[in-house]
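Just so it is clear, none of the values below were taken in a lab; they were calculated from the coordinates. Please read all numbers here as calculations on a predicted model, not as lab measurements. Using ideal geometry, Cβ is built from the backbone for each residue, glycine included, and neighbour counts are taken over all protein chains shown.
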């Protein structure tokens, strides 16, 4: 096929091709690079949408295999949206109140790990201090969220 660039064969040709492309990129102005940035941004948005849809619909056995490999590579796990169906009342309370709890530790010089631990402990104390009716409100809302997540699945 005429007019098409040759596909590089072998490591040396690929390296040289990458160097040539890098040199050409460096010589381009920001205005010349802009269409590539826009195309990349649009492609990433589509990729993110497709990936989220895939993860939401993938079989759990496939997700387990993917996560086992990601853990070996030191990468974080891929989470499915099924986790939303397991939210409990305390987790809901924590999500709503973590910021105010965390602010109570401001200026104490805690590391991020210590701050997370202290936040969880303080939130637990505050949860236990709630009246039974206040806790029941969180239980009902958590049940509604689980029902909505299960209905969407």
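Before moving on, here are some points about what is shown:
- In degrees, nearest ten, helix 89-103 long axis to first principal axis of the chain (Cα): 80 degrees
- Taking a ≥ b ≥ c as the square roots of the eigenvalues of the alpha-carbon gyration tensor, the range 82-152 is classed oblate because a/c is 1.5 or more while a/b is no larger than b/c.
- For P(r) over Cα pairs in 5 Å bins from 0, in percent, calculated from these coordinates, the label among [x] 2, 6, 5, 5, 4, 4, 4, 4, 4, 4, 4, 4, 3, 4, 3, 3, 3, 3, 3, 3, 3, 2, 2, 2, 2, 2, 2, 2, 2, 1, 1, 1, 1, 1, 1, 0, 0, 0; [y] 1, 7, 9, 9, 10, 12, 13, 11, 7, 6, 6, 4, 3, 1, 0, 0; [z] 2, 9, 18, 19, 16, 12, 9, 6, 4, 2, 2, 1, 1, 0, 0: [y]
- Folded to 0 to 90 degrees: helix 10-27 orientation relative to the chain principal axis, Cα: 80 degrees
- Nearest-ten-degree value, helix 112-129 long axis tilted from longest Cα axis of the chain: 30 degrees
- Shown is the FRET efficiency for residue 28 and residue 72, computed with R0 = 41 Å from the Cβ-Cβ distance and rounded to the nearest 0.05: 0.55.
- Gain on full extension, evaluated as 0.36 nm per residue between residue 99 and residue 115 minus their Cα-Cα distance, stands at 4.6 nm.
- Inter-part distance where the range 1-69 and the range 121-146 are each reduced to a Cα centre, Å: 46 Å
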